[in-house]
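Q: Can you read through this structure? Questions will come right after.
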Amino acid sequence: MNENNLLQGIDTIIVRVTNIEKSSSWYQEKLGLTPVWEDNNLNLVVLDTKSPTSLTLWETDQPITVNKKTTTYPIFKTINAADARDQLLKNDVKVGELSCDESICSFLFFDLDGNILEACQVIQ
């Protein structure tokens, strides 16, 4: 195998959840993501993010501990961070403050298990 062909991008990002049914419904209803594959034996659902990288919700029986300084989390693209934040608020999603500088506007938001998610708008 040629070293240049070793890795071809990121296929999926795994987000651990405590209840796959509730979490799958939340991601579909609140974020508008659609399932593309489910495995009931492994308790996981793969969601289409409208990009090459999917999001995999995978149930765990372990406690989920989130620390912003050490936790890996996905950052979703958005064309308008303020509008996206407002829509999530209307959908009863816990969201953080909007933060903008000359390059980006972004905000954190949180799923049912408190997992960190972020939305980011690149300012052009």
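FYI, it's all coordinate maths here, none of it is from the lab. Please read all numbers here as calculations on a predicted model, not as lab measurements. Heads up, the Cβs are rebuilt from the backbone with ideal geometry, glycines too, and the neighbour counts pull from every protein chain shown.
Q: Mind sorting Tyr27, Tyr73 by how few other Cβ atoms lie within 10 Å of their own Cβ, fewest first?
A: By the 10 Å Cβ count, ascending: Tyr73, Tyr27.
Q: What aspartates and glutamates sit close enough to Lys77 to cross-link, taking a C-alpha to C-alpha distance under 13 Å and skipping anything fewer than 8 places away on the same chain?
A: Partners found: Glu118.
Q: How far is it, in nm, from the label point at Ile10 to the one at Ser99 when both lie 7 Å from their Cα along the line to the Cβ?
A: In this crude label model, Ile10 to Ser99 measures out at 1.8 nm.
Q: For Cα pairs less than 8 Å apart in space and 6+ apart in sequence, what is the mean separation divided by the residue count of the chain, i.e. the relative contact order in percent?
A: Computed over the chain, the figure is 23 percent.
Q: Here's another thing I want to ask about it. Using a simple charge model, +1 on the beta-carbon of Lys and Arg, -1 on the beta-carbon of Asp and Glu, nothing else, what dipole does segment 16-124 show about its Cα centre, in debye to the nearest 20?
A: 180
Q: Under 4.7 Å Cβ to Cβ, no partner at all: give me those cysteines from the chain, in residue order.
A: Result for the chain is Cys120, no neighbouring Cys Cβ within the cutoff.
Q: Next question, about the same structure. May I ask what percent, to the nearest 5, of DSSP beta bridges between residues of segment 3-122 are antiparallel?
A: 70
Q: With 10 angstrom as the radius, rank Trp37, Trp58 by how many other C-beta atoms surround their C-beta, starting from the fewest.
A: Placing the least packed residue first, the sequence is Trp37, Trp58.
Q: With θ taken as phi - 60° and the coefficients 6.51, -1.76 and 1.60, list the Karplus ³J(HN,Hα) couplings across segment 63-74 in order, rounded to whole Hz; mark glycine and proline as x.
A: x, 9, 10, 10, 9, 4, 7, 10, 7, 7, 8, x
Q: Show the residues, 5+ positions off or on another chain, whose built amide H is closer than 5 Å to the amide H of Ser54.
A: Long-range HN contacts for Ser54: Thr12, Ile13.
Q: Of Ile116, Ile13, how do they rank once you tally other Cβ atoms within 10 Å and put the fewest first?
A: Final ranking by Cβ density, sparse to dense: Ile13, Ile116.
Q: Per 5 Å bin from zero, what fraction in whole % of the C-alpha pairs of the chain is there, up to the bin with the longest pair?
A: 2, 10, 19, 21, 20, 14, 8, 5, 2, 0
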